[in-house]
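The structure appears right after this line, and notes come after that.
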Amino acid sequence: MWRIELKHAVNWELKMKFFVLPELPTPDVVESGVWRRAIVLDGRAVAVMAYPESERTIVVEGNFENREWEAVRRKLVEYLGLQNPEELYRFMDGDEKLRMLKNRFYGFGRAGLMSMSVFEGIAKAIIQQQISFVVAEKLAAKIVGRFGDEVEWNGLKFYGFPTQEAILKAGVEGLRECGLSRRKAELIVEIAKEENLEELKEWGEEEAYEYLTSFKGIGRWTAELVLSMALGKNVFPADDLGVRRAVSRLYFNGEIQSAEKVREIARERFGRFARDILFYLFLYDRFFSKKTELV
């Protein structure tokens, strides 16, 4: 058993709300507040589970070795957004609407990632194209269940997103059998043929954007989603309808604004924390804005 000691309080329940189908292996599974999935370390899939011991302590268990703990810790901090949010909170306090978001979702902290690998992030972004997030997660769960890594430990199953090799072996027809359209299946297989995708994290935003959009079927929305939520770049996917709804409700009395207008708001008001604020907007749109107004 290991522990991640934080300098700030984290609202674990709020963090877990990002997994909208917690009972399905997307590949993340959340049961009774315990998060788990398989993580690849040096080509080997290991079981990892995490849960709060207190507001400032996260307990981590798994079948990895002591020497692998630091690598696991780094991955969890990045993936779950457990970095210190002090600067973000100070920034949000400077804008009335952002301050309300911070107070409503206090303890969420910094933005995490939607994937443990660049390939997983690109594949998930492709799956999400032009369908609801819930439907996309159901499709992802089918693909994970059929082609992903599966590790059993302490009577539990831990799932990992399929590797590029597994996707190539599955082929277009295998993905089609999981419910993907032919074009999405073909595109994911095409991406799976690429080498050194992890290096995209070190590329500049423009260079990575040009690379992603060089694939037929990856447009601005998909590329910006990958840049922000898989590569961790401070990019704001303003073409996302949920983001446009949230920004429009907060700043324009609900009158839906164009993606360009939302992008302008992000530049002017969100600055270097645009990626973090994006997650608060997702939370607002998905779980709360349709029920009550923010007060």
* So, in Å, what gap is there between the alpha-carbon centers of segment 255-278 and segment 30-53? -> 33
* Asked: Normalised by the number of residues in segment 241-289, what is the relative contact order in percent for Cα pairs under 8 Å and 6+ residues apart?
  -> 47
* Sticking with the crude label model, points 7 Å out along Cα→Cβ, report the distance from Glu31 to Lys7 in nm, one decimal please. => 3.7
* To do: Could you give the DSSP H helices of the chain that reach 18 angstrom or more along their long axis (alpha carbon positions) and whose average Kyte-Doolittle hydropathy is no lower than -1.0?
  => 133-147
* Ranked from highest to lowest mean number of other Cβ atoms within 10 Å per residue, what is the order of the peptides 47-53, 98-104? -> 47-53, 98-104
* Taking the Cα-to-Cβ direction at Glu202 and at Glu78 and moving 7 Å from each Cα, how far apart do the two end points lie in nm? -> 1.2
* Structure fact -> Here the gain from full extension of Asp42 to Phe19, 0.36 nm per residue of separation minus their alpha-carbon distance, amounts to 5.7 nm
* For the pair Trp69 and Asn103, how long in nm is the line joining their label points, each one 7 Å along Cα→Cβ? -> 4.1
* **Cross-link pairs Lys124/Lys184; Lys169/Lys193; Lys102/Lys201 - those with Cα-Cα distance over 20 Å** => Lys102/Lys201
* Helix-derived [θ] at 222 nm for the chain: sum -39500 (n - 2.57) over DSSP H runs of at least 4, divide by residue count, nearest 500? -> -13000 deg cm²/dmol
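Compute the normalised compactness of segment 155-295: alpha-carbon radius of gyration over 2.2 N^0.38 Å, N being the residue count.
Cα-based Rg divided by the globular estimate yields 1.23.
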* To do: Using packing as a proxy for protection, rank 230-241, 11-22 so that the peptide with the highest average count of other Cβ atoms within 10 Å comes first.
  => 230-241, 11-22
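Throughout, read-outs are computed from the coordinates displayed, never taken from laboratory work. All values reported here derive from a predicted model rather than from experimental measurement. Neighbour counts run over all protein chains shown; Cβ positions are idealised from the backbone, glycine included.
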